[in-house]
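Enquirer: Sharing a structure below in structure tokens format, with a few things to ask.
The values are calculated or read from the model by the stated rules, or taken from the named source; none is laboratory data. Since the model is a prediction, treat every value here as computed from it, not as a measurement. Note: ideal-geometry Cβ built from the backbone for every residue, glycine included; neighbour counts use all protein chains shown.
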Amino acid sequence: MRQSIYISAAPIYSVVMSRFPIFWQLLLAFALFVVLPLVALGLIGGGWMRDAGLQAVEERLRSKAALLDELVRGQNLEQLQGRLRSLREEFGPRIALIGADGRVVAESDRDDPSSLADREIASARAGLVGVTTRHSATTQTNTMYLARRVSNAQSLVEFVRVALPIADIEKHVRHLQWLTWGTAATTAAFALFLAWWLARRVVRPVQMIREGAAAVAAGDYGHKVYSERQDELGALAGAFNQMSERLASQFSQLDHDRQQLRAVLGSMVEGVIAVDAAQTVLFANDRAGELLEFGVSQAVGRRLWEVVRYRPVHDLVERLLSAPELGGQNLDWLGPGQRSFTVHAAPLPGRPVRGAVLVLHDVTEMRRLERVRQEFVANVSHELKTPLSVIVACAETLQSGAVDDVENRGRFLERIATQAQRLFMLIVDMIDLAKVEAGTEQFKRDEVAVDAAVLACIERHQERARAKNQRLEAVPPARIPPDGVTAWSDPDALSQILDNLVDNAIKYTPAEGLIQLHWWAEDSKAIVEVRDTGIGIPEHELPRVFERFYRVDKARSREMGGTGLGLSIVKHLAQAMGGGVRVASQVGQGTSFTVVLPQTDVG
Amino acid sequence: MSKHLQRDLDNLQRDLLQLAASVEDALHKSIRSLQKRDVDLAEEVIRGDDQIDIDENHVEEECLKILALHQPVAIDLRRIAAALKINAELERMADLAEDIAERAEHLATLPGVAMPAKLQRMTDLTTSMVRQSLDSFVHLDARLARTVCRLDDEVDRCNRDIINELIAAMKSSPDMVEPCMSLFSATRHLERIADHATNIAEDVVYLVEGEIIRHRPAAMEASK
């Protein structure tokens, strides 16, 4: 459409020409300006030469006829007939004498002059002289005839006619024409060659630049064309190379920037998805694919609802795109699996709205910590409240008169003392834990003999185990190193770790149960394991047993008099010593806690 | 293809996939409510089913509207046909998810019963089948669709094992009968959901290749 407008505004010639290759354009121009005038010259010149030749012949015939008129005058036919041949030789032209009736009475080149004279006689009859040019039956050539009325004719001869062949003139004209055609043909051939050569010279570099431009368009930025020419085409090639270089550098800059942006977005912890107004995904980083479970490589160019199949996200984006003036929006969303997300959506700047950017935060861990904190607060208050309420109740009972009841007040006082003791233990445990966690407690690290620590621990707990009819025993390692198994630890911390673990084991192992303490050295680590044949811990509870106040069976634990902090303290102490603790358990089979401590100072 | 048809098809695709998203979500929540004995979550699934039914009707109306207005042919026609069928499958899935949620509610009132060991595997398989069947629809991926069809055998195997385990548990103690029956029917619902996912995958093969592989094992195995 637009092209046709340009064409109509341009001169017709260049429009028509511009449809052909340059070679044909040049050839056509040469033909128009060289060959055509030559041909015209040949045609016009030939005609002109023929006219001039005929004119000369006519003049000659005219003078001869006038001369003949003199000779014919006053002679009779017989005399004339006798002289005709000599006159012909003298004169040159053929001579004929014609009677008044137009019949040839005598002719120089024929013995039986019988033919009728022709149009020239008719013209001569009308005026003085008649001229025609026609094919002569006698000589079989083109001939010019000139007839003249004889002045004062007395004899039978009314007209004299002279004739000359014009073949010579025609031969000359033909020669000239041949010459012209020959020259024209040679020139045309030369023009063809010249056009081809020029076209080649002009077209080759243009072709090269065209190919170069095509290569650049196809993505080969920085493509160069080589031309040694110094003219405009050479300059064009130079300009092309410059452009190509600039393009290459700009594209590489763009590419670099894009890569950088991609790397930045890709290494983000948050998931990022950008969509346009039609909800086509423009960009998505790997993290977004991970969080929303889609393949990033397949996502770009697809609609958001095809990529992300979570209704809350769809609704959020739809709301945002239909009312962008609301600006960024947040969505708290319990996503797939066990994950929680905060999705922040913001419109892309522009009006009408051009799209939106979604940023996804994985807040699973945060939510978990929040829950742990809430549970902790609830637990602490609960743990503190239970003994206190007993103390308050007992105290109130005593106040309201029981203090005088000698028989029973002892029981109330005893309960107050027990609960106060429990409260005290709880607070001591919490302080211990807080100190270990805060890292404010100073430990005196030293080489501790694990064997001795284990045996001391068993010594301390043997009484209670025996009371519950349990077997508590130490199982020494199969191969004892020369100087025993040692750990790099604070001796008190190690004692507390073992006490807490054994205390737990005794609590949660039924009568007739078995509790074993194993220890050995492995990979320059000292390992102590407390195994019991207790009630065990369900698998999904295992990761949480080291949390503060976490209890697998809440009612039972409290009945056992635990604070819910024992394992938490074990974990934090072991970590403070540069080691760790892990747990394995099977419901109904038993539990084993494994404490790993370094054997040398790890700093 | 006319612009209007293209736009209507786009909208249909969006509505269908949003329905699919809701159904997937309901499925996840119902299974989670079963495993965690979470009555609130089960309630949520049961409440959400009404909206899914409304959405299903909407998608069906859209399909019929496009058929009547544009009279599509070839791939467009197959797309509408597939959308109609997938729509129905999704609705059935949502109903089954609701049934599972009801079982979960009931189970929560009963004494705790150990979840069969293979239930987790069966759950994972089923949800991934649902997911992959819808993925194959989005990406018009007949190969993925055929993979989904083959996964169904594995789910059936899990189902058999779980039922055997439940029967053994019921035999061992009579007061386990009630919770085990609930679990039994939840498992069967799950198995049915996997069947519906298979149906969707078969619809996708039809959509992409124009070949009906349902009830035709030979066509199923073809062009792997």
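Enquirer: Being modelled with pLDDT of 90 or more, more than 13 Å from every other protein chain (Cβ to nearest Cβ) and over 28 Å from B:SER128 (Cβ atoms) narrows it down to one of B:LEU64, B:LEU77, so name that one. Explain how you work it out, then say what you get.
Expert: Values: B:LEU77 fails: modelled with pLDDT of 90 or more.
Residue meeting the stated conditions: B:LEU64.
Enquirer: Taking A:SER252 as the residue in question, decide whether it is touching a His at 6+ places or on another chain (Cβ under 6 Å), of a type in the set (S, T, N, Q) and not in a loop (DSSP other than H, G, I, E, B). First the steps, then the outcome.
Expert: Numbers: touching a His at 6+ places or on another chain (Cβ under 6 Å): no; of a type in the set (S, T, N, Q): yes; not in a loop (DSSP other than H, G, I, E, B): yes.
No: the conditions fail for A:SER252.
Enquirer: Can you tell me which of (1) more than 9 Å from chain B (Cβ to nearest Cβ); (2) over 17 Å from B:LEU140 (Cα atoms) is the one A:VAL300 doesn't meet?
Expert: (2)
Enquirer: Let me ask you something else. Taking the criterion of being part of a loop (DSSP other than H, G, I, E, B) and among the acidic types (Asp, Glu), would at least one residue in the stretch A:282-302 satisfy it?
Expert: So the first thing to find is which residues in the stretch A:282-302 are part of a loop (DSSP other than H, G, I, E, B), and the list is A:285, A:293-295, A:300-302.
Still in the running and among the acidic types (Asp, Glu): A:293.
The answer is yes, given that some residue of the stretch A:282-302 is part of a loop (DSSP other than H, G, I, E, B) and among the acidic types (Asp, Glu).
Enquirer: Name the residue that is farthest from the chain's Cα centre (by Cα), counting only residues in the stretch B:2-36 that are surrounded by fewer than 17 Cβ atoms within 10 Å (Cβ to Cβ) and within 28 Å of A:GLU539 (Cβ to Cβ). Break it down stepwise before answering.
Expert: First pass over the stretch B:2-36, keeping only residues surrounded by fewer than 17 Cβ atoms within 10 Å (Cβ to Cβ): B:2-7, B:10-11, B:35-36.
Pick out the ones that are also within 28 Å of A:GLU539 (Cβ to Cβ) and you get B:35-36.
Details: B:GLN35: 19, B:LYS36: 21 Å.
So, considering only residues that are surrounded by fewer than 17 Cβ atoms within 10 Å (Cβ to Cβ) and within 28 Å of A:GLU539 (Cβ to Cβ), the one farthest from the chain's Cα centre (by Cα) is B:LYS36.
Enquirer: While we're here: Can you tell me which of (1) surrounded by 13 or more Cβ atoms within 10 Å (Cβ to Cβ); (2) within 30 Å of A:HIS175 (Cα to Cα); (3) modelled with pLDDT under 75; (4) of a type outside the set (Val, Ile, Thr) is the one A:LYS64 doesn't meet?
Expert: Here A:LYS64 meets the rest and fails (3).
Enquirer: Between A:GLU245, A:GLU232, which is surrounded by fewer than 13 Cβ atoms within 10 Å (Cβ to Cβ) and either more than 14 Å from chain B (Cβ to nearest Cβ) or free of Cβ contacts under 8 Å to residues at least 40 places away in the same chain (or both)? Steps first, answer last, please.
Expert: Details: A:GLU245 fails: surrounded by fewer than 13 Cβ atoms within 10 Å (Cβ to Cβ).
Just one listed residue meets the conditions, A:GLU232.
Enquirer: For the stretch A:305-318, how many residues are part of a helix (DSSP H, G or I) and farther than 12 Å from B:ASP15 by Cα? Don't jump to the end; show me each part of the working.
Expert: Applying the first criterion (part of a helix (DSSP H, G or I)) to the stretch A:305-318 yields A:305-307, A:311-318.
Filter again for farther than 12 Å from B:ASP15 by Cα, leaving A:307, A:312-313, A:316-318.
Here the count works out to 6.
Enquirer: Give me the pairs, please: first residue somewhere in the stretch A:193-211 and within 22 Å of A:GLY238 (Cβ to Cβ), second residue anywhere and of a type in the set (Val, Ile, Thr) and not in a helix (DSSP H, G or I), beta-carbon distance under 6 Å, and either six or more positions apart or on two chains.
Expert: Note: pairs meeting the criteria are A:MET208/A:VAL225; A:ILE209/A:VAL225.
Enquirer: Sticking with this structure for a sec: Identify all residues within the stretch A:308-338 that are at the interface with chain B (Cβ under 10 Å from one of its Cβ atoms), at pLDDT 65 or above and surrounded by 21 or more Cβ atoms within 10 Å (Cβ to Cβ); write none if there are none.
Expert: Taking the stretch A:308-338 as the starting set, the residues that turn out to be at the interface with chain B (Cβ under 10 Å from one of its Cβ atoms) are A:308-315, A:318, A:334-338.
Those left that are additionally at pLDDT 65 or above: A:308-315, A:318, A:338.
A:VAL308, A:ARG309, A:TYR310, A:ARG311, A:VAL313, listed by residue number.
Enquirer: Also: Restricting the search to the stretch A:253-268, which residues are surrounded by 12 or more Cβ atoms within 10 Å (Cβ to Cβ) and either β-branched (Val, Ile, Thr) or at pLDDT 90 or above (or both)?
Expert: Residues satisfying the conditions do not exist here.
Enquirer: Starting from the stretch A:249-266, take each residue that is over 20 Å from A:ARG287 (Cα atoms) and list its partners that are surrounded by 11 or more Cβ atoms within 10 Å (Cβ to Cβ), counting only C-beta distances under 9 angstrom and pairs at least six apart or across chains.
Expert: A:SER249/A:TYR221; A:SER249/A:GLY222; A:GLN250/A:TYR221; A:PHE251/A:TYR221; A:PHE251/A:GLY222; A:SER252/A:TYR221; A:SER252/A:GLY222
Here is a yes/no grid of residues against (1) free of Cβ contacts under 8 Å to residues at least 60 places away in the same chain; (2) within 14 Å of chain A (Cβ to nearest Cβ):
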residue	(1), (2)
B:LYS3	yes, yes
B:LEU16	no, yes
B:VAL23	no, yes
B:LEU34	no, no
B:ASP50	yes, no
B:ILE54	yes, yes
B:VAL59	yes, yes
